Structures are given as structure tokens and as C-alpha cells.
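J.: I'd like to ask some things about the structure below.
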Amino acid sequence: MNAQELIGLEERYGAHNYHPLDVVIERAEGAWVYDVEGKRYLDLLAGYSALNQGHCHPAIYKAMCEQAKKVTLTSRAFRNDQLPLLYQELHEMTGYEMALPMNSGTEAVETALKTARKWGACVKKIPAGQAEIIVCSNNFHGRTISIVGFSSEEQYRSGFGPFSEGFKRIPFGDAQALREAITPNTCAFLVEPIQGEAGILVPPDGYLREVAEICKANDVLLMVDEIQSGLGRTGKLFAYMHEGISPDVVIIGKALSGGFYPVSAVLASRAVLGVFQPGDHGSTFGGNPLASAVARAALKVVVEEKLSERSAELGAYALERLKGLKSEKIVEVRGKGLWIGVELKVPARPLCEALQERGVLCKETHSTVIRLAPPLVISQEDLDWGLEQVEDVLR
Ligand SMILES: *Cc1c(COP(=O)(O)O)cnc(C)c1O
């Protein structure tokens, strides 16, 4: 079938909850994707950072195929021989004592929220039904009813109420606002170290450090959503590491599978994740052997191919280059590592379409920001070519 026919089927039979660029991808490798007509494109979105390891990474592919031949799902009613090794490797890599595996990022965030409330009830002794969780405006943590209930984005909420109670929203990047919002019933503060969907918003230097101190002083769990910022994207394994803090809870997903399969997890200390008793929480697919084998291989690629270091180096180069660009259209260029937002005075969509014409894929966020987040395995040469296209279109 040709592209037009495939697009027609999708429009006719699929719910219209996305507005994709009309490029119909058939295969991909590394930083490149190929459409059904054989045209190739440089991928500067990388599956919203699920593809830090690049498309179809051979080592992850091999792990997935080998595991798929053996056993794919046991359910947590039984044990399997992959999950314990994933736990151990996550521990060795991150220092966190325990993990709780789920599938999508949204589910991991929900799990973190449940963890915080359970901890509030069992450890902090917050009266039943009174626990409060503080979040930031312009957050993006997923799409469940609880999560969109505390979003400040009207479209994410509109028509989906009623919502869950117990959430309080404060401005992002404002530590004083956190200090003022905390009450004796606050169990957690949930924050993205850098707000991706909001347009790669980088908070002031020292913000996370200050927030960590405030949380500690008030016996409030600091929970960082590293689903998009983590696993190398910002030039460190996790974005919180730029400020030398140790959050109580770290939420990961996306690149945890290198784009092969939905795998997510919540990382925390024994004192926090230890609140769960058998039957309190679960998932049929969470921690399955296929997911665990894929995640183990995906993590190994992050370390062995030094993806954090690559991101730091290539990102600093790209940021400086784009900051030097003279264009009437640009308001600001910002970011960390290979995660760059170009905020425009004009709508970003037509520019993304112009880039598509030139063989570069990226996607606007919040209508006036172009997000540049290539796979971290991208070569210097390909990055240079991609940046040239972006620069030409912006001029
Ligand atoms: C993508 C994302 C999520 C949701 O992950 P899904 O896998 O789409 O459910 C949550 N938080 C952040 C910061 C994200 O970027």
C-alpha cells in the first residue's frame, strides 16, 4: 500500500488523538528512518527520547529475540530468571536499593503517586485520606485521569473530570513556592528536572538542590520524573545529577527499553518502596521476562556506548551552534545535553513540515517550540547535516 492509502486507513479507522506529520515509516536504523517510498529522514525526535540508543539497536534486538524464544510472560504469580538480574543491574547502575517495574511511563508515575501516599500513611502517619502531593505547573507526567487532573494544560483536562483529589500545583522553578505549599499532610513533591513537553524548560541553577533541602527538612519525598530526561538525554545518566542531589524516588521509562517494548520502573530506597505488601499493587506485564531482558540490554548500551558522555559533548556543540544562529524567528534557544528547545515567534508546525521536506523529522511542542532530541548514537556528521537543515529553515 502507498502512503496515501495507509494514511487514509489510519484516519478512517483510528481515533484522532494525534496529529502526526504525514510520513509513513516502514523501517529504521540508528538515527535514520525510511518511509514506504524509500525516502530517508534523520530522526530528531527519537520517540520522545525512548530511542536514545537509536532505532533497532542490534544488541537490544538480539536480547529481545533470544528471550522471545524462551519465555515472554510469567506474570508475577511466578518468578522468572530475568527480573532479578534487572533489579540488580538497576541497583548497581543507580545506587537505589529497590525498584518496582511497570510498563508505560504513565503507569510508573501512578505507581510513584501510590508509593508516596502509602508511605505518607504508613511512615509519616498522615491521617487517612488527607495526603497531599505537590506538583508543578506546565508538568507532563502522563495521561491517566489522576495525572491529567493535576495538569495545568486545559486540553489535557477538558471533558475528563471529575478528577482525583489531593494535588496542589505550584510554579516550576520556584523553591519558595514549595516551601509555602508544604503542610504537615504533604507526602511528596513530584517534579521533572527539566520540563520536556512544556518546551525544554530548564529551571534556575540550584533549584533542585534547594528543593531537595526543603523536602528533607519537611519529611516530604522528592520524586523526580526522569522518564524523558533520564538515561543519558541531558548529558548525565539522570538530569538530577547535574545538581548532585539524591531524590527519594526516581521514575524511569522510555529509553529503558531503547524503543523496543514498553518498560518503566520506580526506583527508591527500601524505606520507601518497602511500604508495599503482596497484593497492594501490580501489573500483569510489569517485570515480565521479555521486558526485563530488553531493559537489561538497553541499559547496557547506555553504559557501554557512553551515551551520557556523547549527549553532553554533542549537545554542548549543538546548543552553542544554534545559539549563534541569527534569525528573526527565534525567541530563545535552550537545553541540556542533546535536548534542545528552539522557541519561536512563529508557529513551529510549518517549520517542522519544511524540515520534513528536507529529510529531517522533528515535532513541535506547545505550538511555538521545536524540540531537537536525536538518538544519542547520532554521528557528528549526521548531526551537522541535521543542524544545517534546521539553520536553513530558521533563516
Ligand atoms: C513520556 C512521559 C511520560 C509518560 O510516559 P508514557 O510511556 O507515554 O506513558 C511521563 N512523564 C514524562 C516526563 C514523559 O516525558
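J.: Name the long-range amide H neighbours of K363: under 5 Å, sequence gap of 5 or more, or other chain; modelled H, no Pro or chain starts.
T.: R371
J.: Same structure again: By count of other Cβ within 10 Å, fewest leading, how are Y207, Y317, Y96 ordered? Mind dumping the intermediate values first?
T.: Values: Y207 18, Y317 15, Y96 21.
Sorted ascending by nearby Cβ count, the order is Y317, Y207, Y96.
J.: Looking at the chain from every direction and averaging, what is the projected area of its Cα convex hull in nm²?
T.: Details: hull surface 78.5 nm².
Hull-based average projected area comes out at 19.6 nm².
J.: Can you list the residues, at least 5 places off or on another chain, whose amide H is less than 5 Å from the amide H of I330, using H built in the peptide plane?
T.: Amide H neighbours of I330, under 5 Å, 5+ apart: K345.
J.: Right, something else. Quick check: net charge around I126, other residues with Cβ under 12 Å of its Cβ, Lys/Arg +1 and Asp/Glu -1? Display every interim value, and only then the final one.
T.: Details: positive: R117, K118, K124, K125; negative: E132, D219.
Residues near I126 contribute +2 overall.
J.: Let me ask something else about it. Give the order of T234, T144 when sorted by the count of other beta carbons within 10 angstrom, beginning with the fewest.
T.: On the way: T234 30, T144 16.
By the 10 Å Cβ count, ascending: T144, T234.
J.: Do the alpha carbons of any pairs in K62/K118; K39/K70; K300/K336 sit beyond 27 Å of each other, and which pairs? Write down the numbers at each step before the final one.
T.: Numbers: K62/K118 39 Å; K39/K70 36 Å; K300/K336 23 Å.
Exceeds cut-off: K62/K118; K39/K70.
J.: If you don't mind, there's one more thing I want to ask. Could you tell me what percent of the DSSP beta bridges with both partners in the chain are antiparallel, to the nearest 5?
T.: On the way: 30 of 46 bridges.
Within the chain, antiparallel bridges account for around 65 percent of the total.
J.: Please list 3J(HN,Hα) in residue order for segment 132-144, calculated via the Karplus relation 6.51 cos²θ - 1.76 cosθ + 1.60 where θ = phi - 60°; whole Hz, with x for glycine and proline.
T.: Values per residue, Gly and Pro as x: 10, 10, 9, 10, 10, 5, 6, 5, 9, 10, x, 10, 6 Hz.
J.: So who's got an amide H within less than 5 Å of the one on C136, skipping anything under 5 residues away but keeping other chains? H placed 1.01 Å off N, in plane.
T.: When sequence neighbours closer than 5 places are left aside, the close amide H contacts are I170.
J.: What net charge do the residues around I170 carry, taking every other residue with its C-beta under 11 Å from that of I170, with Lys and Arg at +1 and Asp and Glu at -1? Could you put the intermediate results ahead of the total?
T.: Details: positive: K168, R169, R179; negative: D174, E180.
Summing Lys and Arg as +1 and Asp and Glu as -1 gives +1.
J.: May I ask you to derive the relative contact order of segment 296-395, considering only C-alpha pairs under 8 Å and at least 6 residues apart, and to give it as an integer percent? Mind showing how you got there, number by number?
T.: Values: 131 pairs, mean separation 26.8, N = 100.
Taking the mean separation of contacting Cα pairs over the length of segment 296-395, I get 27 percent.
J.: Need one word for segment 336-390: rounded, prolate or oblate. Basis is the Cα gyration tensor (sqrt eigenvalues a ≥ b ≥ c); a/c below 1.5 gives rounded, then a/b vs b/c decides.
T.: Working: a/c = 2.33, a/b = 1.41, b/c = 1.66.
Judged from the Cα gyration tensor, segment 336-390 comes out oblate (a/c at least 1.5, b/c at or above a/b).
J.: Moving on. With contacts defined as alpha carbon pairs under 8 Å and 6 or more residues apart, what's the relative contact order of the chain in percent?
T.: 23 percent
J.: Which residue, chosen from S49, L361, A28, occupies the Cα position most advanced towards the positive end of the dipole of the chain, where the dipole is computed from +1 (Lys, Arg) and -1 (Asp, Glu) charges on Cβ about the Cα centre?
T.: The residue sitting most towards the positive pole is S49.
J.: Taking the beta-carbon count within 10 Å as an exposure proxy, list K323, K124 from fewest neighbours to most. Walk me through the numbers on the way to the answer.
T.: Details: K323 14, K124 17.
With the sparsest Cβ surroundings first, the list reads K323, K124.
Readers should treat all values here as calculations from the given coordinates under stated rules, not as data from a laboratory. Quick caveat, the model's predicted, so the values are computed rather than measured. Virtual Cβ from ideal backbone geometry, glycine too; neighbours counted across all protein chains shown.
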